[in-house]
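A quick write-up on the structure given underneath.
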Amino acid sequence: MQPTPVILLKEGTDSSQGIPQLISNINACQVISEAVRTTLGPRGMDKLMVDGRGKATISNDGATILKLLDVVHPAAKTLVDIARSQDAEVGDGTTSVTLLAAEFLKQLKPYVEEGLHPQTIIRAFRTATNLAVSKIKEIAVSVKKDDKQEQRQLLEKCAATALNSKLIAGEKGFFSKMVVDAVMSLDELLSLKMIGIKKVQGGALEDSQLVSGVAFKKTFSYAGFEMQPKRYDNPKIALLNVELELKAEKDNAEVRVKSVEACGGSIQTSVSALTDDVLGQCELFEEVQVGGDRYNFFKGCPKAKTCTIILRGGAEQFTEETERSLHDAIMIVRRAIKNDSIVAGGGAIEMELSKYLRDYSRTIPGKQQLLIGAYAKALEVIPRQLCDNAGFDATNILNKLRAKHAQGGLWFGVDITSEDITDNFIACVWEPSIVKINALTAASEAACLILSVDETIKNPRSSMDGPPGGAGRGRGRGRPHAH
């Protein structure tokens with residue numbers, strides 16, 4: 001006699017559990033990493049995403065791509081989240097983070113299939129991550145902040161490394177200088193809000209410029225304004241909350257806030273009580289033609305350290321991607337100013353950590369040895385992907401790198417230009433160490449998170465398949481008409 005099955009969940013509830021569930025989650029993460037895999041590095045390709053409204057976005061930024069892909073798989077969403085957190089925290093390395101997490105899972109798949117308990121794996125991974133992070137801190141090179149010249153060069157190199165893999169890599173010398181200037185002109189807090197980026201179509205990329213101060217589109221004109229001088233030195237600025245003309249209020253509001261922060265006056269609602277102390281001032285006001293628009297520049301504002309980057313370029317998608325790339329570079333420079341230690345990029349730090357963990361794993365007994373070895377192997381995905389994207393023979397170059405690191409070549413990484421390996425520290429492929437630390441911890445956390453899930457329960461859609469409110473029925477309650 002068979003026992004009656006107990007039905008606990010609503011009919012149609014989809015629950016999958018156990019090892020097959022874990023494997024399917026791991027596979028889903030593999031698919032996500034395939035989507036951004038080819039965008040890594042200076043030879044990475046770009047992706048063109050078209051959303052439901054037909055708006056096309058061309059991007060090379062891991063976080064942007066994953067944000068635009070509408071991921072529904074619950075486990076794969078964690079990868080999207082870590083890419084976003086990396087973007088918010090450090091700005092760059094979003095693709096690396098996704099790749100690392102997916103690769104960790106890929107290396108673990110055989111162990112999971114053999115029935116090794118996920119908690120054992122997680123424990124080993126936590127150990128490995130802590131070891132890796134302390135190793136990064138130990139070998140990172142710190143930069144002397146006192147020497148302004150040296151710090152500036154370092155920041156420019158970090159910015160250039162961040163821009164290397166972007167569309168505007170050809171202009172990285174020009175833009176890395178601009179980004180460093182922009183960040184250097186801010187005050188201690190380095191708040192991102194103080195760097196405005198305005199996109200103006202037309203012109204070439206090299207026509208982009210940095211305005212130290214506030215710049216905005218000219219929003220008002222008045223009779224005879226053509227005759228007025230277009231440039232004033234040390235003007236007083238009255239900030240009026242008064243309608244000078246009937247026109248788009250949105251622009252004016254934006255202008256108001258920006259200028260108040262910068263020129264240090266206070267907003268007046270009437271024109272009667274204008275005394276010197278409520279007026280702001282700046283060193284130079286000028287009106288300049290940029291592309292098809294005229295822009296007002298307020299330069300040398302006494303109060304706030306703001307600056308505005310005006311980007312030029314042909315296609316709209318192109319200027320948008322440039323803005324995203326600059327955002328990455330600006331974040332990197334901010335991080336490098338706050339945490340003044342750097343490591344060599346181009347797969348060098350990953351190879352060194354891989355060697356270190358592999359050596360360490362041989363000194364411990366038990367299952368941990370295999371798992372930390374798997375972690376070490378997973379780290380090699382970054383240099384391997386760099387080779388693949390550039391069309392090199394990855395196996396060959398990784399063998400060279402392993403040999404070099406075993407002999408103590410600390411900073412050796414992939415040399416994209418000559419299809420070989422090189423000392424990336426001398427080649428100035430530098431990244432703030434915080435980028436790598438953050439990427440490793442986030443990736444390993446995500447991997448552990450996905451491993452610790454052993455059951456997914458999906459509720460069935462409610463019995464009415466239509467959206468709530470019975471759309472299109474006109475009764476508002478979702479009840480069919482009584483025919």
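Remarks
- 3J(HN,Hα) along the stretch 173-189: x, 5, 6, 5, 4, 4, 5, 5, 4, 4, 6, 5, 7, 7, 8, 4, 5 Hz, from the Karplus curve 6.51 cos²θ - 1.76 cosθ + 1.60 with θ = phi - 60°, whole Hz, x for Gly and Pro.
- The distance separating the Cα centre of the stretch 401-436 from that of the stretch 284-305 comes to 43 Å.
- Residues whose amide H comes within less than 5 Å of that of Arg294, counting only those at least five positions distant or on another chain, are Lys218 (H built at 1.01 Å from N in the peptide plane).
- Too-long pairs where the Cα-Cα distance tops 31 Å, listed order kept, from Lys109/Lys172; Lys47/Lys198; Lys172/Lys299: Lys109/Lys172
- Sorted peptide list for 51-59, 114-122, criterion being average Cβ within 10 angstrom, highest first: 114-122, 51-59
- Amide H contacts under 5 Å for Glu419, placed H, 5+ residues apart: none
- A simple count of charges around Lys172, restricted to other residues whose Cβ falls under 15 Å of its Cβ and scoring Lys, Arg +1 and Asp, Glu -1, yields -3.
- In order along the stretch 406-420, the Karplus-derived 3J(HN,Hα) couplings, from 6.51 cos²θ - 1.76 cosθ + 1.60 at θ = phi - 60°, round to 5, 7, x, x, 4, 9, 7, x, 6, 9, 5, 6, 10, 6, 8 Hz, and Gly and Pro are given as x.
- Of the residues Lys236, Lys400, Lys135, the one with the largest accessible area comes first in the ranking Lys236, Lys400, Lys135, computed with a 1.4 Å probe on protein heavy atoms.
- For Ala83, the shell of other residues with beta-carbons less than 12 Å away shows a net charge of -2, using +1 for Lys and Arg and -1 for Asp and Glu.
- For the stretch 27-97, the square roots a ≥ b ≥ c of the C-alpha gyration tensor eigenvalues yield an a/c under 1.5, which makes the shape rounded.
The values are calculated or read from the model by the stated rules, or taken from the named source; none is laboratory data. Being a predicted model, the structure only gives us computed values, none of them experimental. Neighbour counts run over all protein chains shown; Cβ positions are idealised from the backbone, glycine included. Quick note on the areas: whole protein, heavy atoms, side chains included, nothing else; ligands and nucleic acids left out. Shrake-Rupley method; radii C 1.70, N 1.55, O 1.52, S 1.80 Å.
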